[in-house]
1. I'd like the residue in segment 50-77 that is part of a strand (DSSP E or B) and not hydrophobic (A, V, I, L, M, F, W, C) and, out of all such residues, is farthest from D12 (Cα to Cα).
2. Just to be sure I understand, how many residues within segment 29-62 are farther than 28 Å from T92 by Cα and crowded, with 17+ Cβ neighbours inside 10 Å?
3. Under 8 Å between Cβ atoms, which residue pairs at least 6 apart in sequence (or on different chains) link something in segment 79-97 that is in contact (Cβ under 8 Å) with a residue 40 or more places away in the chain and closer than 19 Å to S16 by Cβ with a partner that is of a type in the set (D, E) and surrounded by 13 or more Cβ atoms within 10 Å (Cβ to Cβ)?
4. Which is among the hydroxyl-bearing types (S, T, Y) and in a loop (DSSP other than H, G, I, E, B), of S47, S80?
5. Being of a type in the set (V, I, T) and surrounded by 12 or more Cβ atoms within 10 Å (Cβ to Cβ) is the filter; apply it to segment 1-28 and report the residue that is modelled with the highest pLDDT.
Amino acid sequence: MQKTYDLVSFGDAMVSMVASDHARLDQANSFELAMAGAELNVAANVSALGYKTAWVSKLVDVWSGHFIKFRGQGRGVDFSHVKFVPFDGKGTVRNSLCFIELGMAPDLASRFMTVPIPR
């Protein structure tokens, strides 16, 4: 039996929207878009190591679904097992979005280190 893929992952993916210039979400003028989701990112990173990978999932046939597909394919992941479903006009089925603010402060590292540890 011939092996078709070195890795097949199953799961959700999303479009990550990161506020530009370390802005807070409510103050952002622009966002950088990226493909996100653990299972798809694993497939993309394993593909970058030279292995043949595929991702299996379902995406809604709207801009965000196509964004995920184009970014994943651009990173070498086979999307031939991804099913596109039509938008139902109500949003009953939808692709995920993730909004991220990176934040910036002179004492950002010390704030992370001063989080109380439960005893």
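1. If we filter segment 50-77 for residues that are part of a strand (DSSP E or B), which is where we start, we get 53-56, 58-60, 77.
If we keep only those that are not hydrophobic (A, V, I, L, M, F, W, C) too, we end up with 53, 58.
Numbers: T53: 16, K58: 8 Å.
Within segment 50-77, the match that is farthest from D12 (Cα to Cα) is T53.
2. Selection size over segment 29-62: 4.
3. From segment 79-97, the pairs are S96/D12.
4. Answer to the selection: S80.
5. Let us first name the residues in segment 1-28 that are of a type in the set (V, I, T), namely 4, 8, 15, 18.
Filter once more, so that each one left must be surrounded by 12 or more Cβ atoms within 10 Å (Cβ to Cβ): 8, 15, 18.
Details: V8: 97, V15: 93, V18: 87.
Checking each candidate, the answer is V8.
The values are calculated or read from the model by the stated rules, or taken from the named source; none is laboratory data. Small disclaimer: the values here were computed from a predicted structure and weren't measured. A quick note on method: Cβ atoms are made from the backbone with ideal geometry, for glycine too, and the neighbour counts reach across all protein chains shown.
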